[in-house]
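Encoded as structure tokens, the structure appears first; notes follow it.
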Amino acid sequence: MTTPTLGVCYYPEHWPVERWDDDARRMAEVGISFVRIGEFAWSKLEPEPGKLDFGWLIQAMDTLGKHGLKVIVGTPTATPPRWLVKKTPDMLPVDVEGRPRGFGSRRHYDFSHLGYREECARITKLLVEHVGQHPALAGWQTDNEYGCHGTVLSYSEAARQGYRRWLEARYGTIAKLNDAWGNVFWSMDYADFDEIDLPNLMVTEPNPIAALDFRRYSSDQVSAFNKVQFDILKAARPDLPVIHNSMCRFTDYDHWDLAETLDVMAWDSYPLGHLDGAPEPQEVKTPYFRQGDPDSSGMHHDLYRAVGHGRWWIMEMQPGPVNWADYNPDPLPGMARLWAWEAFAHGAEVVSYFRWRQAPFAQEQMHAGLLRPDSEPAPAHAEAIQVAEELKAINFGGAPGKARVGIVFDYQSEWAWKIEAQAAGFSHIQHVRNCYIPLRKRGIDVDILSPKTRDFSGYDLVIIPALFAWNDELREAIANFDGHLLIGPRSGAKTQDFRIPDGLAPNLPSNLLDLKVTRIDSTNPVHRVSVKGGGNVAHWRERIETRAEVIIEDEENFPVLVAQGRLHYLAASGDRALMQRIIDHLIDEADITTLELPAGVRCRVRGQFRVYFNYNNQGATLVPAADEAGYVLGSASMPACGVTVARLAKAG
């Protein structure tokens with residue numbers, strides 16, 4: 001697919017049949033092409049065990065198809081019906097305190113429960129049997145938002161037994177597990193795999209490698225769960241894409257692994273809800289509370305584009321106030337348009353608004369849609385029409401080119417630092433953001449890279465922040481890379497068995513980096529140390545022994561940034577001013593072209609276009625870039641929450 005287009009999430013089962021045709025007609029008039037349906041409808045498809053009712057679903061697809069709309073059908077496995085829970089009560093997830101999480105909302109199942117997995121295979125086969133050849137069918141969505149509401153980790157009996165089998169397959173013998181886990185510490189040795197319990201309800205913290213292995217196991221169950229449905233759907237319709245929708249800042253399972261059994265990766269973008277709950281300073285939250293963080297959506301677009309091997313969608317886009325954050329402000333006029341354009345600029349094939357009509361009942365009745373509950377247009381309705389018309393008017397499309405900068409993103413590192421933070425709140429994803437933001441402020445496109453990347457060829461700069469442990473692929477990529485590298489802080493601090501390496505961190509050959517981290521100074525972020533030349537370090541500082549050149553040091557004369565040839569090591573967590581300074585140094589070293597962007601404005605190149613988005617609540621003025629042939633949408637004078645599109649003299 002090369003021409004981006006709009007979609008919407010629709011729930012025909014929520015509305016009288018008599019309303020469906022008018023809804024479909026109005027969707028087509030907006031310029032919507034794709035409609036997702038069915039992902040929460042199990043109780044309507046099978047109200048009693050074996051009693052099927054697919055007639056309404058087929059009728060809904062008939063109606064949508066009549067108006068030229070293409071349908072994405074969701075497997076309904078995120079909401080198992082009450083009769084199934086009564087039949088199989090041990091399918092419910094169990095929280096860390098050992099309490100079952102009951103029926104009455106959604107995602108009330110345990111990924112480890114093999115009986116539930118069989119039920120999911122059964123309903124998926126029935127779905128294929130009844131609608132798999134429907135002419136309006138354009139693709140499938142598996143389940144919905146795997147792991148939402150903290151459901152990846154379950155402490156059930158099914159998980160206990162599955163974990164034990166997984167450990168036996170991984171280690172082979174209990175002696176090897178005891179050695180790998182360091183169980184001699186605190187007399188934690190086991191005589192048999194059946195003695196191993198889940199890492200909860202202990203007197204104090206569990207062995208960190210046991211906790212990490214449980215997260216690895218739990219992540220594998222998500223991938224295995226998805227594979228069951230993927231295999232059924234692809235066997236029936238190999239020509240149709242299978243999609244799954246993930247979320248913002250969600251790292252509880254490894255999306256790189258999941259995507260091995262997907263054709264398209266999607267995510268659900270709610271910029272205001274995400275900002276409200278994000279661990280960002282008030283200097284970000286206050287000016288952008290009605291627009292969203294200027295860099296959060298972009299980073300996730302780049303992440304999910306990489307996870308999806310270049311193919312990705314927004315399956316749910318915020319159209320107005322949501323209902324689930326602590327505070328749910330109304331977006332400023334223009335933001336529903338801006339967010340869509342930003343996604344398209346980063347390579348989205350489809351941007352699908354959630355939802356068509358605001359529901360007047362149940363848990364999400366305060367969640368806005370493109371229509372109000374009375375079916376009158378909500379503000380985002382007109383903005384969606386505008387986006388559809390603009391895409392067509394300028395013939396927007398093409399593919400995002402390969403960026404000159406890559407940042408490695410590793411889910412396992414996020415798990416590891418949650419298990420052993422050492423400094424409260426230390427996280428891999430935050431350190432990725434700390435490097436991503438300064439690049440985007442300079443107008444530089446970024447690719448997110450898998451930790452299994454073997455080859456960094458084509459990049460001028462690669463950044464590997466806060467990486468838990470090296471693997472063979474990354475070691476190979478580093479050894480053969482002739483570009484610039486930034487590593488740290490804390491990268492290579494552990495082995496895959498969650499041990500301090502024999503040679504200490506960062507555990508790289510001395511011919512690449514002659515440096516050892518000898519001590520850690522973690523402090524409350526309120527305690528800051530000034531850095532010579534500007535900026536501050538706080539939260540995490542490493543005491544290092546090195547023969548590398550010191551580029552930046554703090555006022556206490558501890559190295560902050562060192563370099564050995566083209567490899568730089570960052571030995572501290574810095575504030576935004578320091579990180580901008582460090583990234584600017586690397587940009588200069590790598591001779592990467594930058595743009596002069598106003599504060600709060602970001603941009604992205606796709607094909608022959610560069611799209612600018614103004615996240616400010618006031619106007620901004622662009623400085624035309626040397627590689628641009630002129631503006632095809634908007635102008636250099638950007639209004640608040642505005643979008644400008646430039647055509648490049650040569651496609652990016």
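What FRET efficiency do you get for Trp56 and Asp179 if R0 is 56 Å and r is their Cβ-Cβ distance, rounded to the nearest 0.05?
Values: r = 58 Å, r/R0 = 1.04.
Efficiency at R0 = 56 Å is approximately 0.45.
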Would you list which aspartates and glutamates come within 16 Å of Lys402, measuring only between C-alpha atoms, while excluding same-chain residues fewer than 8 positions from it? Asp302, Asp445, Asp447, Asp455, Asp460
Lys/Arg +1, Asp/Glu -1 at C-beta; the range 41-124 dipole; positive extreme among Phe54, Ala78, His108: Phe54
Filter Lys285/Lys650; Lys418/Lys516; Lys285/Lys452; Lys44/Lys86; Lys285/Lys516 down to the pairs with a C-alpha to C-alpha distance above 27 Å, please. Lys285/Lys650; Lys285/Lys452; Lys285/Lys516
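Check each of the chymotrypsin sites (Phe, Trp or Tyr not before Pro) in the range 318-397 and keep only those in coil by DSSP with at most 16 other C-beta atoms within 10 angstrom; list them in order. Each step should come with its number before you reach the end.
Details: sites: Trp324, Tyr327, Trp339, Trp341, Phe344, Tyr353, Phe354, Trp356, Phe361, Phe396; in loops: Trp324, Tyr327, Phe354, Trp356, Phe361, Phe396.
Here the chymotrypsin sites (Phe, Trp or Tyr not before Pro) that fit, given the DSSP loop and packing criteria, are Trp324, Tyr327, Phe361.
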Rounded to a whole number, what % of the accessible area of the chain do carbon and sulfur atoms account for, probe 1.4 Å? 49 percent
With viscosity set to 0.890 mPa s and temperature to 25 °C, compute the Stokes-Einstein D of the range 25-141, Rh being the Kirkwood radius across alpha carbon pairs; µm²/s, no decimals. 159 µm²/s
At the level of C-alpha centres, the distance separating the range 595-631 and the range 479-494, in angstrom, is 31 Å
Candidate cut points under trypsin sites (Lys or Arg not before Pro) in the range 351-436, DSSP loop plus at most 13 other Cβ atoms within 10 Å of their own Cβ, are Lys402
Note, the range 161-174: 3J(HN,Hα) by Karplus (6.51, -1.76, 1.60, θ = phi - 60°), whole Hz, Gly/Pro = x, goes 5, x, 4, 4, 5, 5, 5, 5, 5, 6, 9, x, 10, 5
Using 1/(1 + (r/R0)^6) with R0 = 35 angstrom and r between the beta carbons of Arg528 and Glu205, what's the FRET efficiency to the nearest 0.05? 0.75
Here the gain from full extension of Glu157 to Ala577, 0.36 nm per residue of separation minus their alpha-carbon distance, amounts to 146.3 nm
Would you mind calculating the gained length between Arg566 and Trp83 on full extension (0.36 nm times residue separation, minus the Cα-Cα distance), in nm to one decimal? 167.7 nm
Accessible area per residue for the range 475-618 in Å², computed with a 1.4 Å probe and the full protein assembly in place, what is it? 43 Å²
DSSP bridge orientation in the range 450-571 - percent antiparallel, rounded to nearest 5: 70 percent
Place +1 on the Cβ of every Lys and Arg and -1 on the Cβ of every Asp and Glu in the chain, take the dipole about the Cα centre, and give the residue among Cys435, Ala388, Asn226 whose Cα lies farthest towards its positive end. Ala388
Check: C-alpha center the range 70-123 vs C-alpha center the range 517-542, spacing in Å is 46 Å
What does the charge dipole of the range 448-534 about its Cα centre add up to, to the nearest 20 debye, if the Cβ of each Lys and Arg holds +1 and the Cβ of each Asp and Glu holds -1? 460 debye
In the range 495-652, with Lys and Arg counted as +1 and Asp and Glu as -1 at Cβ, which of these residues, Val601, Thr644, Pro509, has the Cα nearest the positive end of the dipole, that is, farthest along it? Thr644
Over the range 301-363, give the accessible area per residue in Å² for a 1.4 Å probe, as an integer. 27 Å²
With all protein chains in place and a 1.4 Å probe, Arg19 shows an accessible area in Å² (nearest 10) of 80 Å²
How about Lys234: which lysines have a C-alpha closer than 24 Å to its C-alpha, ignoring those fewer than 8 places off in the same chain? Lys70, Lys125
For the chain, percent of DSSP beta bridges that are antiparallel (nearest 5) comes out at 50 percent
At 0.36 nm per residue, and after removing the present C-alpha to C-alpha distance, how many nm does the segment from Asp455 to Asp239 gain when stretched out fully? 74.7 nm
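The values are calculated or read from the model by the stated rules, or taken from the named source; none is laboratory data. From a predicted model like this one, the values you see are computed outputs, not experimental measurements. Don't worry about glycine lacking a Cβ; one is built from the backbone with ideal geometry, like all the others, and counts go over all protein chains shown. These accessible areas exclude ligands, DNA and RNA; they are computed on the full protein's heavy atoms, side chains included. Shrake-Rupley method; radii C 1.70, N 1.55, O 1.52, S 1.80 Å.
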